[in-house]
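First the structure, in the form of structure tokens, and then the observations on it.
The values are calculated or read from the model by the stated rules, or taken from the named source; none is laboratory data. Quick caveat, the model's predicted, so the values are computed rather than measured. Because the Cβ atoms are built from the backbone with ideal geometry, glycine has one as well, and the counts that use them run over all protein chains shown.
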Amino acid sequence: MDSEEGKECANCGASDNLLRCGRCRNEWFCSNLCQKSYWPFHRDFCKRNEFADAVEESEPKFAKWMRDHKKLAVLKDDEVERLERVSKAACSVYSRQDIMESMYGRVDPKPLAPSYSVEQKLAMEARQRQEEQQALQMLLLDGNKEWASILIPEGLGLECARYKWRQSQSHVELFCQVPRGVAGKKVKVVLERKHLSVYLGADPGLWWIHGDLHQEILPRQSTWIVADGVLHVTMLKKYRKGHYNPDGGTNADTWWRSLMSRAGSTEIIPLSHPPTRYYWTEYDEDDLLYKPDNSK
């Protein structure tokens with residue numbers, strides 16, 4: 001037991017030569033006899049307060065407050081294991097005492113922020129890039145029969161890294177593979193007169209396709225659907241066979257060289273003029289199928 005002045009014996013009330021209970025450190029006794037006599041009343045409250053013991057040296061007032069108010073805190077198994085791992089880890093920059101203080105050195109204990117060496121940071125960045133590449137490969141879904149069955153005639157579209165697209169004299173079709181585990185409700189397509197955005201739910205905040213189209217479309221007469229793991233977007237060209245640009249245009253001007261206006265070199269059809277087969281493609285002659293589109 002430790003000694004301290006200004007206290008009273010819990011059993012007889014004496015105030016001289018008091019010693020504190022070495023277990024709970026919350027009650028005081030004048031002798032071992034008084035401690036034993038008072039034990040039947042004290043046993044239910046005599047518990048070791050490891051939290052208070054841990055912080056007593058650095059924060060004695062806090063430790064005293066915890067004992068006075070019977071605030072008990074016992075080291076849990078995971079906390080003990082954490083301290084043991086720190087003492088054995090060769091790469092740790094923190095000592096066991098540093099971790100102890102971070103866990104128990106204040107009223108609102110929080111662990112210290114992790115600290116990594118340059119080599120560890122480079123290794124983590126490399127691992128992150130590898131995981132992103134693996135995720136992208138999963139998105140491509142090699143061997144998907146439905147995806148493989150989508151054929152792109154030469155000169156009428158392209159098979160790009162993230163999508164396929166093809167066209168007729170009146171429509172443009174876009175195809176995207178939907179990642180495994182992504183429900184149809186997580187797919188989002190935004191069609192505007194000059195803009196297209198496609199979100200496949202793979203990465204929050206990341207659009208799969210996002211930008212201006214090669215030419216304008218009629219959004220209200222354009223549709224999209226997800227079936228068998230493939231997103232199929234059908235867009236009606238604003239300038240199509242029989243509906244040319246009033247500023248001067250021909251059927252040749254309705255041919256798209258790329259899906260997006262700012263497409264890379266691998267996403268542009270390597271032709272200067274539409275191939276002959278373009279003029280053989282089907283198109284919708286009945287304008288009654290389409291209501292006037294005033295969307296912007």
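Among the residues in the stretch 241-252, are any in a strand (DSSP E or B), surrounded by 14 or more Cβ atoms within 10 Å (Cβ to Cβ) and of a type outside the set (D, E, K, R)?
yes
Yes/no matrix, rows are residues, columns are (1) at pLDDT 85 or above; (2) within 21 Å of Lys64 (Cβ to Cβ); (3) exposed (fewer than 12 other Cβ atoms within 10 Å of the Cβ):
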residue: Glu8; (1), (2), (3): yes, yes, no
residue: Asn11; (1), (2), (3): yes, no, no
residue: Asp16; (1), (2), (3): no, no, yes
residue: Arg20; (1), (2), (3): no, yes, no
residue: Cys24; (1), (2), (3): no, yes, no
residue: Asn32; (1), (2), (3): yes, no, yes
residue: Lys36; (1), (2), (3): yes, no, no
residue: Arg48; (1), (2), (3): no, yes, no
Any idea which of (1) at pLDDT 60 or above; (2) surrounded by 11 or more Cβ atoms within 10 Å (Cβ to Cβ); (3) among the basic types (Lys, Arg) is the one Lys70 doesn't satisfy?
(1)
